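This report refers to the structure that appears directly beneath it.
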Amino acid sequence: MEKKVWFITGASKGLGLTLVNKLIAEGHQVAATTRTLETLEAAVDSAPADQFLPLEVDLSDEASVEGALLTTWEVFGRIDVVVNNAGYGIGGALEELSLGEIKDNFEVNLFAPITVIKKVMPYLRAQRSGHIINISSIAGFAGVLGWSVYAASKHALIGLSDVLAQDLRPLGIHVTAVAPGAFRTQFLTRESLVLGDTQIADYSDIRASHARYLSIDGKQPGDPVKAAEALIEIADSPEPPTLLFLGSDAYNRATAKMRHLEELIEKWKGLTLSTQYETEKA
């Protein structure tokens, strides 16, 4: 396996941290971003200085992102794989969430990856190589009750990745959106999940949905170490997927969604095709 230089956001916990530790153990070089440097340095396993570059970065600040990427290039000489991992969940009915809460979620889940991609592209274009991996969620493909804003932000990231992959393929640059299911990380804790303070009584079904998800904390079916191994595998593939589902629950939700879409399209096929202009008769 070729040793690569990785740039990973949101690396102080969860999948990001697991991936950092796995990469270091396998001899890769890793630049990892966090909001608090001490937290990241304390969380990462012992790493040689020539392999690990911890970076305190504000992903909402273009200059901060640009500086981190420049430092990575200056230290390691190239950037091979970019993993946009930073993100968090937000739950609640749309009318229960403030515009500020909604915009904040999109800022981290969508606009931060966009900023990283825009700023890293000059390096990848110059190399005529690289792989951008955007960590979305199965919720971005098959959303569930009570998580509309989170699903919207992650759905947008999948849509962005799909077309970006087409745009960058002629330049030798790969793009993959990864849609994990539930993995045994801190995602369902207060550190990574926001539930709106406003709760409208009519949305009792949403409260029940949230309770079900919170009840599986620590019991999620996905193993984050195996997820990290999967990310390393696709980064090493000459033809990586543009969309990858991770976890048995993600597979089940994705296939159920596909069946539903096929049934929906066929059910309304007549109305869909009825909007064509009639062919003029001679």
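Each value in this text was obtained by applying a stated rule to the coordinates, not by laboratory testing. Computed from a predicted structure; not experimentally measured. Backbone-built Cβ (ideal geometry, glycine too); neighbour counts: all protein chains shown.
Here are the numbers:
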quantity: Helical mean residue ellipticity (222 nm; -39500 (n - 2.57) per DSSP H run of 4+; nearest 500) of the chain; calculated: -14000 deg cm²/dmol
quantity: For the chain: relative contact order, % (alpha-carbon pairs under 8 angstrom, 6 or more apart); calculated: 19 percent
quantity: Cα gyration tensor, the chain - rounded (a/c under 1.5), prolate or oblate; calculated: oblate
quantity: DSSP H segments from the chain that extend 27 Å or more along their own axis, Cα-based, with Kyte-Doolittle mean of -1.0 or above; calculated: 148-168
quantity: Two-site FRET efficiency, GLU56 against PHE111, from Cβ-Cβ distance with R₀ of 22 Å, rounded to 0.05; calculated: 0.70
quantity: For the chain, built as a Gaussian network whose Cα springs stay under 10 Å, the top-fluctuating residue of SER64, SER153, SER136; calculated: SER64
quantity: Size of charge dipole - the chain - debye, nearest 20, with Cβ of Lys, Arg +1 and Asp, Glu -1, no other charges; calculated: 560 debye
